[in-house]
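The values are calculated or read from the model by the stated rules, or taken from the named source; none is laboratory data. Source: prediction; values computed, not measured. Virtual Cβ from ideal backbone geometry, glycine too; neighbours counted across all protein chains shown.
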Amino acid sequence: MLLQTIACAALAGIAFGKSAADAMMDNVLKDMSIQTGDAGLDPAFLDPFALSVKAGTPKLDFEANFTQVTLFGLGELERRGNCEYGFSGGDLKMACYVSLDHLCALTRAEVKGDQSDEFAHSISTSSDAPKSFLRIKFAGGPGTPARLLPMTIGPIQLTTTLTQGNVNLDPTHFYDFQTLAGRKIAQEVVRILAGKYSSILQDVASRYRMP
């Protein structure tokens with residue numbers, strides 16, 4: 001009977017901990033919405049980049065020079081589903097999936113090679129990450145400050161659409177352009193998440209105590 005009582009109490013504690021873990025993650029992300037803005041991460045100005053793909057125009061490759069790349073939404077990340085919570089290796093650990101649905105990258109680029117002349121023309125694109133995620137993990141003793149563990153990032157898959165201007169490529173080459181642009185932007189997003197965003201997240205999380 002005593003063992004049953006202890007087991008029930010332990011299960012109740014875990015259930016309460018899971019609920020508290022969800023609430024803690026929500027509060028951390030709410031604080032991050034302020035901190036990312038203060039740190040210049042929402043919006044974030046990404047590094048310019050260039051790419052080229054084979055075009056339909058003879059003797060020319062299609063070249064795109066992305067001069068402005070602005071990322072929005074790092075302050076709007078939301079928990080996806082319930083957090084995992086429990087003891088592991090003597091520590092309490094919690095892990096939460098966080099949706100990147102609100103990320104959006106807006107770009108301006110100078111492109112050439114899709115027309116018969118060699119003059120560059122301007123386009124704009126928009127990229128989002130509708131099915132991408134982070135897995136954020138914290139550890140620590142009960143009631144001690146949360147410690148950020150290495151995050152699992154992605155894979156991040158961006159969908160890129162043309163919002164202004166024209167690109168005169170056949171569907172296959174245009175798809176190659178979209179894929180390469182999305183991949184380049186995703187690499188920059190990963191760099192920010194693993195670097196400056198992670199550093200800010202560690203500071204914010206340390207203000208919270210493990211459930």
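State all residues of region 124-135 that are surrounded by fewer than 16 Cβ atoms within 10 Å (Cβ to Cβ) and in a loop (DSSP other than H, G, I, E, B); if no residue qualifies, say none.
Selection gives Pro130, Lys131.
Please verify whether Gln115 is touching a His at 6+ places or on another chain (Cβ under 9 Å), free of Cβ contacts under 8 Å to residues at least 60 places away in the same chain, under 16 Å from Ser52 (Cα atoms) and of a type outside the set (A, V, I, L, M), treating the condition exactly as stated. Quick ask: steps written out before the conclusion?
Numbers: touching a His at 6+ places or on another chain (Cβ under 9 Å): yes; free of Cβ contacts under 8 Å to residues at least 60 places away in the same chain: yes; under 16 Å from Ser52 (Cα atoms): yes; of a type outside the set (A, V, I, L, M): yes.
Taking the combined requirement at face value, the residue satisfies it.
Would you point out which residue out of Leu29, Leu74 is modelled with pLDDT of 95 or more and outside any helix (DSSP H, G or I)? Step through it out loud before you land on a result.
Values: Leu29 fails: outside any helix (DSSP H, G or I).
The conditions single out Leu74.
Can you find even one residue in region 191-199 that is farther than 18 Å from His102 by Cα, of a type in the set (Phe, Trp, Tyr) and out of contact with any Cys (no Cβ under 9 Å at 6 or more places or on another chain)?
So far as region 191-199 goes, no, none of its residues is farther than 18 Å from His102 by Cα, of a type in the set (Phe, Trp, Tyr) and out of contact with any Cys (no Cβ under 9 Å at 6 or more places or on another chain).
So which pairs qualify, if the first residue must be in region 173-196 and over 16 Å from Arg108 (Cα atoms), the second must be of a type outside the set (A, V, I, L, M) and assigned to a helix (DSSP H, G or I), the Cβ gap must be under 8 Å, and the two must be at least 6 apart or on different chains?
From residues that are over 16 Å from Arg108 (Cα atoms), there are no pairs.
Of the residues that make up region 48-63, is at least one more than 29 Å from Pro211 (Cα to Cα), of a type in the set (Lys, Arg) and part of a strand (DSSP E or B)?
Just the residues of region 48-63 that are more than 29 Å from Pro211 (Cα to Cα), to begin with: 48-63.
Next cut, of a type in the set (Lys, Arg) only: 54, 59.
Those left that are additionally part of a strand (DSSP E or B): 54.
Scanning region 48-63, I find at least one residue that is more than 29 Å from Pro211 (Cα to Cα), of a type in the set (Lys, Arg) and part of a strand (DSSP E or B), so the answer is yes.
Taking region 94-115, which residues are part of a strand (DSSP E or B) and either of a type in the set (Ser, Thr, Tyr) or more than 26 Å from Asn166 (Cα to Cα) (or both)? Don't jump to the end; show me each part of the working.
Here is the first cut: in region 94-115, the residues part of a strand (DSSP E or B) are 94-99, 104-112.
If the condition is that a residue be part of a strand (DSSP E or B) and either of a type in the set (Ser, Thr, Tyr) or more than 26 Å from Asn166 (Cα to Cα) (or both), then Met94, Ala95, Cys96, Tyr97, Val98, Ser99, Thr107 are the ones that fit.
Taking Pro171 as meeting all but one of (1) under 20 Å from Ile200 (Cβ atoms); (2) over 18 Å from the mean Cα position of the chain (by Cα), write down the number of the exception.
With respect to (1) under 20 Å from Ile200 (Cβ atoms); (2) over 18 Å from the mean Cα position of the chain (by Cα), Pro171 is out only on (1).
Hey, among Ala146, Ala181, Ala186, which residue is farther than 24 Å from Gly37 by Cβ, buried (at least 18 other Cβ atoms within 10 Å of the Cβ), modelled with pLDDT of 95 or more and not polar (S, T, N, Q)?
Ala181
Conditions tested, residue by residue: (1) in a strand (DSSP E or B); (2) charged (D, E, K, R); (3) under 14 Å from the mean Cα position of the chain (by Cα).
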| residue | (1), (2), (3) |
| --- | --- |
| Asp117 | no, yes, no |
| Lys137 | yes, yes, no |
| Pro142 | no, no, no |
| Thr152 | yes, no, yes |
| Ala194 | no, no, yes |
| Ile200 | no, no, no |
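Taking the conditions exactly as written (of a type in the set (Asp, Glu), over 18 Å from Thr70 (Cβ atoms) and surrounded by 13 or more Cβ atoms within 10 Å (Cβ to Cβ)), does Asp176 satisfy them or not?
Numbers: of a type in the set (Asp, Glu): yes; over 18 Å from Thr70 (Cβ atoms): yes; surrounded by 13 or more Cβ atoms within 10 Å (Cβ to Cβ): yes.
When the stated conditions are applied, Asp176 passes them.
Considering region 64-97 alone, what residues qualify as being crowded, with 18+ Cβ neighbours inside 10 Å and closer than 26 Å to Gln187 by Cβ?
So the first thing to find is which residues in region 64-97 are crowded, with 18+ Cβ neighbours inside 10 Å, and the list is 64, 66, 69, 71, 73-75, 77, 79, 83, 85, 92-96.
Scanning region 64-97 gives Ala64, Phe66, Val69, Leu71, Gly73, Leu74, Gly75, Leu77, Arg79, Ala95, Cys96.
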